[in-house]
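The values are calculated or read from the model by the stated rules, or taken from the named source; none is laboratory data. All values reported here derive from a predicted model rather than from experimental measurement. With ideal geometry, Cβ positions are generated from the backbone for all residues, glycine too; neighbour counts draw on all protein chains shown. The protein model used for the area step is the full one, side chains on, heavy atoms only, and it has no ligands, DNA or RNA in it. Shrake-Rupley method; radii C 1.70, N 1.55, O 1.52, S 1.80 Å.
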Amino acid sequence: MPLASSFVLSKKKGKEAWIEPVLDYKSKSISFNVKTGEGEPPESSKTARGAKFKCILCGNSVPSDYIKSEAQNKRMGSTLMAVVAEGKHGRIYLPPDAGQINAANVNKPDNSPTGEIGGDRRALWTPLYGLTHFSDLFTNRQLTALMAFSNLVGKAQKQAEKDAIASGMSNDPTPLSEGGTGAKAYGQAVGVYLAFVVDRLCDFSTAVSRWSISNEKVMNLFSKQAIPMTWDFPETNILGNSVGGFLSIVKYICDCILRLPLVKEKGVVKQYDAQSDNGLRNIMVSTDPPYYDNIGYADLSDFFYVWLRQSLKKTYPSLFKTMLVPKAEELIATPYRHDGSKEKARVFFETGMLQNFQQINKYTRDDIPVTIYYAFKQSETEKGEKNTQTASPGWETMLSAIIKAGFSITGTWPMRTEQSYRSVGLGTNALASSIVLVCRKRPEDSPQTTRRNFVTELKRELKSALQKLQRSNLAPVDLAQSAIGPGMGIYSRYSQVLEADGTSMSVRSALQIINQELDVYFNEQDGELDRESRFCVELYTQYAFNEIKFGDADTLARAKNTSVKPLESCHVLYAQKGVVRLLPRDEIPTSVKSHESLIWLLTQQLTHAMESGGVVACAQMIAPMFGSNAERAKDLAYRLYTIAERKGWAQEAYAYNSLVIAWPEIQSKAAELQNTKPVQHTLFDTNEE
């Protein structure tokens, strides 16, 4: 029974190719042929996420637990379904012959690097399917090739050292790790870079890599911070010139080396345990701490470590003395390392994070701020019985540790660090930016304050801070994060904030109050809208673009001092047959001009223009305008993003976020269009001239 996510090989127009299973009902066996050109590829045997398949021979669905059980009992194998070859006019696809099938069936090499894959099943999925050790993630042919290249690293290193001596370089025996600059250090440097090549080969040459049917190429394993299970995979030609081959990866590593900065001074790197005093004082500190339980880097890094160790253990025996990456001190709240207890994991993380920032407080200078990077949203929305609250163990723990360690938070700013094409994006708990927390040491004689005074100061200072953030064109996806800065700045300037009963206010309570004030700020902005737009915002918040009864819509409209009929005539609403709904952006006519007074309509038209025509289309809309309506539309986009994000409407949130991010370019293009005035030319008789 083939466990294949897809039988498609290429979706390129004019180069379509797919695998056609050939079913032999008599012998109950399956072979594979390759089809090209016009036709319909067979449906995938995969029916849903995880390990849910159907048998293409009998058509029966197979439970996920059965597939896992069979795989864990080593009754899952692999077979060659097709061969990709380079032709004169691009890639061609062929069915495998007996020689190619036999070439793939080689014995597993001795002493191939391995080690048990960690227990974090959020990121490490393959053990669920019997692939429990790192050597299981490769076919025997891949292991044979990778072992050959890894074993050659040491030989190449010695040859590089000989070549360096022959070229006149000093025969200094000081190793690279001790600052050597002679032939020995040169050879070791070459060895390190070649070990990087082997590690990148491993990323492409695995049994859980991917084949891109749109680009017709091998894709590496790590598209995200996880080792997922892949059901159909490519074996790249490691000796070829295509993606994933040795020569292309060597070129990639060389390009990286050439781009390294050339400096006269040598840098000094030392490794310490962050929770212990390393003796440093009066230094500048900039740090990127772990994100609670988000990513288990130590578990993931084992994939590369076992091959680095294979390639370099003779050169750096002390560095690679452990079989796998040490994990006991990794500061992350991973329950499986604490007998499955989330509480023990939480305590471990909180204790370690506090010790970390207490040490940083000792190290840092008084006149230089500490900067802390954090690329994770402060919260998911938690709905309680009475209200909706905003909280996150990761943010609470980190902020608590910073404040308890004696720091005051003076600001938070977004910094663009995340790739736009990464797999983790909008719709998940991820940001478009890293958030930089700016902290300074809090004076030891800082006073206490009360909850009432904290809320009063927050109301007084937060509004102007948020206006400044919006004027700087901060992306909506980052606004709630950046609002923490001025809010927690007030909270952390005091030694403690006392509740009415005399207890100390927690960071969670402070964050919830800050987020409540953020809501108040946006609600006040709603009050600056025209009454029709306020009605539309309320309708959007409660019903999105879904239908409601006319009576309910009319009641809501009257509460906003407007009515349904004029909004229907403005092409904002559909109101027929007793039902009412907001018109989606793609149903609003672009020719409607009443948007100059109706901010909701202008916002929707601009958002649609951004989706369909980009910056130029938006600029053409706002260029003829006068006044502040365009800016109000941008402010409303902030508000609508917040609503969509909290409701989990990922595509809606993305649309409004895109409009705000592009606003400076839109304004610039609009100004350019305004300054381009038509010139009246004079007609004249050429004969007279």
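Give the long-range amide H neighbours of Phe407: residues separated by 5 or more places, or on another chain, with amide H under 5 Å away, using H modelled in the peptide plane at 1.01 Å from N.
When sequence neighbours closer than 5 places are left aside, the close amide H contacts are Arg442.
Return, ordered by residue number, the residues of segment 301-324 whose backbone nitrogen is under 16 Å from a label point located 7 Å along Cα→Cβ of Leu152.
Label zone hits: 311-312.
Keeping every protein chain in place, order Met1, Met219, Met323 by accessible area at 1.4 Å, biggest value first, i.e. largest first.
Met323, Met1, Met219
Hey, if you put +1 on the Cβ of every Lys and Arg and -1 on every Asp and Glu Cβ in segment 67-177, which of Phe149, Ala123, Thr174 ends up farthest toward the positive end of that dipole?
Selected residue: Ala123.
Using 0.36 nm per residue, how much length does the chain from Asp501 to Ser341 gain when fully extended, once their Cα-Cα distance is taken away?
Fully extending the segment from Asp501 to Ser341 adds 54.4 nm.
Using +1 at the Cβ of each Lys and Arg and -1 at the Cβ of each Asp and Glu in the chain, identify which of Gly489, Asn282, Phe304 lies farthest towards the dipole's positive end.
Of the candidates, Phe304 comes out farthest on the positive side.
Over segment 200-344, average the accessible area per residue using a 1.4 Å probe and give it in Å², no decimals.
59 Å²
May I ask you to give the percent of accessible area on the chain that is carbon plus sulfur, with a probe radius of 1.4 Å?
That fraction is 52 percent.
Which entry is the computed volume of the Cα convex hull per residue in Å³ for this structure: [x] 173; [y] 305; [z] 206?
[y]
Would you mind computing, in nm to one decimal, how far apart the modelled labels at Gln72 and Tyr574 are, each placed 7 Å from Cα along Cα→Cβ?
4.9 nm
Helix 342-363 versus the longest principal axis of the chain: what is the Cα-based angle in degrees, 0 to 90, to the nearest 10?
Computed tilt is about 80 degrees.
Tell me which trypsin sites (Lys or Arg not before Pro) from segment 441-472 have a DSSP coil assignment and no more than 10 other beta carbons within 10 Å of their own.
Listed in order of number, the matching sites amount to none.
What's the ranking of 358-371, 95-108, 224-237 by average number of surrounding C-beta atoms within 10 Å, highest first?
In decreasing order of mean packing, 358-371, 95-108, 224-237 become 224-237, 358-371, 95-108.
Give the separation of the Cα centroids, segment 209-225 to segment 322-352, in Å.
Each part's Cα centre sits 32 Å from the other's.
Among the chymotrypsin sites (Phe, Trp or Tyr not before Pro) within segment 565-670, which fall in a DSSP loop and have no more than 12 other Cβ atoms within 10 Å of their own Cβ?
Here the sparse-neighbourhood loop sites are Phe626.
Answer rounded, prolate or oblate for segment 197-344, using the Cα gyration tensor with square roots of eigenvalues a ≥ b ≥ c: rounded when a/c is under 1.5, else prolate when a/b is larger than b/c, else oblate.
The shape class here is oblate.
I need the GluC sites (Glu not before Pro) found in segment 2-51, filtered to DSSP loop residues with at most 16 other beta carbons within 10 Å of theirs.
Sparse-neighbourhood loop GluC sites (Glu not before Pro): Glu38, Glu43.
By how many degrees, 0 to 90 and rounded to 10, does the Cα axis of helix 599-622 deviate from the longest principal axis of the chain?
Value to nearest ten degrees: 40.
Given charges of +1 on the Cβ of Lys and Arg and -1 on the Cβ of Asp and Glu, with all other atoms neutral, how large is the dipole of the chain about its Cα centre, in debye to the nearest 20?
Result for the chain is approximately 1280 debye, rounded to the nearest 20.
Rounded to the nearest 10 Å², what accessible area does Arg639 have for a 1.4 Å probe in the complete protein model?
Accessible area of Arg639: about 30 Å².
Where nothing but the Cβ of Lys and Arg (+1) and of Asp and Glu (-1) is charged, how large is the charge dipole of segment 215-371 around its Cα centre, in debye to the nearest 20?
Computed charge dipole of segment 215-371: roughly 580 debye.
Going by average Cβ density within 10 Å per residue, which order do the peptides 263-274, 520-531 take, highest to lowest?
By packing density, highest mean first, the sequence is 520-531, 263-274.
Given the DSSP H assignment, sum -39500 (n - 2.57) over each helix run of at least 4 residues in the chain and divide by its residue total; what's the result at 222 nm in deg cm²/dmol, nearest 500?
Taken over the chain, the calculation gives -13500 deg cm²/dmol.
Please give, to one decimal in nm, the separation of the simple spin-label points placed at Lys88 and Asp273, each 7 Å out from Cα toward the Cβ.
Reported label-point gap for Lys88 and Asp273 is 6.8 nm.
Using the structure shown, select from Lys184/Lys264; Lys459/Lys565; Lys184/Lys327; Lys327/Lys647; Lys88/Lys158; Lys404/Lys463 the pairs with a Cα to Cα distance greater than 29 angstrom.
Lys459/Lys565; Lys184/Lys327; Lys327/Lys647; Lys88/Lys158
Using mean Cβ contacts within 10 Å as the protection proxy, how do 282-293, 499-510, 610-621 order, highest first?
Highest-to-lowest ranking by the protection proxy: 610-621, 282-293, 499-510.
Angle, helix 650-661 long axis vs. longest principal axis of the chain, Cα atoms, 0 to 90°, nearest 10?
Once rounded, the angle reads 70 degrees.
Give me, ordered by chain and number, the residues 5 or more places off Gly115 or on other chains with an amide H under 5 Å from its own placed amide H.
Correct list: Phe134, Ser135.
What dipole magnitude, in Debye to the nearest 20, does segment 247-327 give about its Cα centre under +1 on Lys/Arg Cβ and -1 on Asp/Glu Cβ?
520 debye
Expected output is a single nm value to one decimal: the length gained when fully extending between Ser64 and Glu329, i.e. 0.36 nm times separation in residues minus the C-alpha distance. What is it?
91.8 nm
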